[in-house]
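Report on one structure; see the data block that follows.
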Protein chains: 2
Amino acid sequence: MKEGPDISHIAALIGDPARANILTALMDGRALTASELAEEAGVGLSTASGHLSKLAEAELIAPRKSGRHKYFNLADAEVAGVLESLMGLAARRGTTRVRTGPRDAQMQVARVCYNHLAGQLGVQMYSKLLAQGVLMEDGEDVALTASGRDFMTAFGIDLDALEKGRTRLCRSCLDWSERRTHLAGSLGRAMLTCMEQKGWMSRETGSRAIHVTKAGQVAFADMFGVD
Amino acid sequence: MKEGPDISHIAALIGDPARANILTALMDGRALTASELAEEAGVGLSTASGHLSKLAEAELIAPRKSGRHKYFNLADAEVAGVLESLMGLAARRGTTRVRTGPRDAQMQVARVCYNHLAGQLGVQMYSKLLAQGVLMEDGEDVALTASGRDFMTAFGIDLDALEKGRTRLCRSCLDWSERRTHLAGSLGRAMLTCMEQKGWMSRETGSRAIHVTKAGQVAFADMFGVD
DNA sequence: GGAATGCTTCGGTTACGATCGAACTATGAA
DNA sequence: TTCATAGTTCGATCGTAACCGAAGCATTCC
């Protein structure tokens with residue numbers, strides 16, 4: 001029949017939607033854990049685990065153990081290149097991904113990313129905080145301004161306590177759905193906790209989706225809404 | 001979950017063994033009929049027909065009717081590029097398809113790639129042309145030098161005629177088996193034709209393998225051999 | 001130590017799609 | 001016209017693999 005390497009095996013690996021999601025999620029170079037990738041892929045943890053071992057066996061991704069977590073990266077630049085070129089093909093063909101899932105619409109609005117707020121509300125809050133001078137961007141970094149400290153204290157956050165922790169106070173995090181940054185770091189986490197305590201939002205168990213209460217919608221729009 | 005182009009659909013198309021066989025068979029740029037492709041893929045005609053329409057719908061291949069035959073080509077160079085890079089991945093991973101056919105060894109030495117010479121002889125010739133100053137690389141591009149024009153004319157190639165055509169004179173093409181570049185473009189094509197006319201080589205029908213005559217081996221080594 | 005978290009393995013279900021043969025259409029040859 | 005070749009469509013069969021939940025390890029936290 002034909003010579004040449006066996007394309008189909010590798011292509012079939014990329015060809016499963018869940019695995020394609022996993023690979024795409026790894027495209028930005030970050031290392032993600034199995035659980036995070038399961039979320040990204042939209043499948044259960046056990047399913048994702050199976051996918052991950054297949055991908056690792058084919059050396060498309062590289063696992064790395066760290067404590068009780070297992071982090072995954074794309075294996076090398078060549079793999080990233082192949083994915084990139086596949087994306088190019090797919091994009092040109094106009095087959096943009098249609099993502100059907102019941103939780104998806106809600107997730108687009110508000111969801112948990114690690115421990116902080118992501119989704120439309122996340123980026124909205126972030127840009128508002130920038131506009132109000134609470135945060136200040138400096139290249140890839142983001143920092144709290146002097147007046148920002150007052151704002152956060154008034155919001156109900158104990159900055160001193162946060163700064164004792166070893167995680168950075170402010171970090172920016174790229175949002176996959178919005179393609180814009182939102183606030184991460186211990187401050188981002190504290191703000192989400194704070195909004196939960198205020199009764200603005202509540203996390204749904206077993207999902208990354210965040211439910212926003214009626215009162216929360218009003219208060220959030222009042223404080224972070226666009227003018 | 002994430003936005004972005006839908007990789008998985010296209011990858012899944014390539015991921016089926018029968019379809020992968022079809023695509024690989026088309027890699028050399030020849031147009032093949034549905035029956036021929038069914039044969040290559042090792043499936044029945046009806047099955048192949050289904051595969052072909054899926055591939056065509058995704059614009060990975062381009063159908064062309066001619067009489068009661070239907071010819072298929074790869075849609076464009078981008079598709080070929082994706083397949084090449086997938087082959088590269090698969091080759092590095094060591095998942096070479098075990099195809100111990102008699103022609104395989106020969107293919108490694110010399111074969112047709114879209115109309116020009118590929119395989120060991122292809123890359124050997126290319127690097128020699130570079131070393132002799134006939135060709136000059138400029139980033140990803142490759143061009144014919146002034147002295148190179150004399151060389152080609154002496155070789156028996158009508159450069160003026162080639163330059164009237166709309167395909168680029170010189171292009172470099174990555175070889176999956178050698179993982180090095182060889183000469184493509186209308187010049188690459190003309191050189192192969194020329195060497196056939198000189199009686200150095202002859203294409204075997206129904207295969208990409210190129211047979212090198214005794215006289216051709218001597219002449220080729222004399223002109224393009226390593227010192 | 002126990003509790004909690006992160007991941008893997010196993011068993012059983014389910015669904016999708018690859019496959020074939022047969023019937024059907026279209027084009028060309030005799 | 002009739003026959004032959006090339007391809008498509010249809011219906012039915014059959015395997016494979018994706019999926020989940022539950023149970024099992026492993027690691028860290030308290």
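The values are calculated or read from the model by the stated rules, or taken from the named source; none is laboratory data. Computed from a prediction, not measured in an experiment: that's the story for all the values here. FYI the Cβ positions are ideal-geometry reconstructions off the backbone, even for glycines, and counts take in every protein chain you see. All accessible areas refer to the heavy atoms of the entire protein, side chains included, with ligands and DNA or RNA removed. Shrake-Rupley method; radii C 1.70, N 1.55, O 1.52, S 1.80 Å.
Among the residues of A:17-24, the average count of other protein chain beta-carbon atoms within 10 Å of the residue beta-carbon is 5.
Heavy atoms only, 1.4 Å probe, whole protein assembly: order B:141, B:150, B:76, B:222 by accessible area, highest first. Present the calculation step by step, with values, prior to reporting the outcome.
On the way: B:141 85, B:150 105, B:76 50, B:222 135 Å².
Per-residue accessible area, sorted high to low, gives B:222, B:150, B:141, B:76.
The order of the peptides A:49-58, B:154-163, A:12-21 by mean Cβ neighbours within 10 Å, most packed first, is A:12-21, A:49-58, B:154-163.
Summarising the label geometry, the points placed 7 Å from Cα in the beta-carbon direction at residue A:163 and residue A:213 lie 3.2 nm from one another.
Projected label points at residue A:198 and residue A:57, each 7 Å from Cα along the beta carbon direction, are separated by 5.0 nanometres. Buried accessible surface for the B/A pair, both sides summed and rounded to the nearest 100, is 4400 Å² with a 1.4 Å probe. Per residue, the convex hull spanned by the alpha carbons of the stretch B:7-92 comes to 88 Å³. Amide H to amide H, with H built 1.01 Å from N, residue B:142 comes under 5 Å of B:172, counting only residues 5 or more places away or on other chains. Computed 3J(HN,Hα) for the stretch B:11-27, one whole-Hz value per residue from the Karplus formula 6.51 cos²θ - 1.76 cosθ + 1.60 where θ = phi - 60°, is 5, 5, 4, 6, x, 7, x, 4, 5, 4, 4, 4, 5, 5, 5, 8, 4, glycine and proline marked x. Remark: spin-label model distance residue B:30-residue A:146 equals 7.8 nm, labels positioned 7 Å along the Cα→Cβ axis. Under 5 Å between amide hydrogens, built in the peptide plane, is the criterion, and for residue B:200 it picks out nothing among residues at least 5 positions away or on other chains.
For B:38-44, what's the mean count of beta carbons from other chains sitting within 10 Å of each residue's beta carbon? Could the numbers behind the result be given before it?
Details: counts 0, 1, 2, 2, 2, 0, 0.
Across B:38-44, the average partner-chain Cβ count within 10 Å equals 1.
The mean number of Cβ atoms from other chains found within 10 Å of a Cβ in peptide A:50-61 is 1, as a whole number. With 28 Å as the limit on Cα-Cα distance, the pairs of A:54/B:54; B:164/B:214; A:70/A:198 that go past it are B:164/B:214; A:70/A:198.
In the context of the full set of protein chains, residues of the stretch B:1-93 present 40 Å² of accessible surface per residue (probe radius 1.4 Å, heavy atoms only).
Along the stretch A:152-161 the Karplus relation, 6.51 cos²θ - 1.76 cosθ + 1.60 evaluated at θ = phi - 60°, assigns HN-Hα couplings of 5, 4, 5, 6, x, 10, 8, 4, 4, 4 Hz to successive residues, with x for each Gly and Pro. Scalar couplings 3J(HN,Hα) for the stretch A:215-224, obtained by applying the Karplus form with A = 6.51, B = -1.76, C = 1.60 to θ = phi - 60°, are 4, x, 4, 5, 5, 5, 4, 5, 8, 10 Hz; x denotes Gly and Pro.
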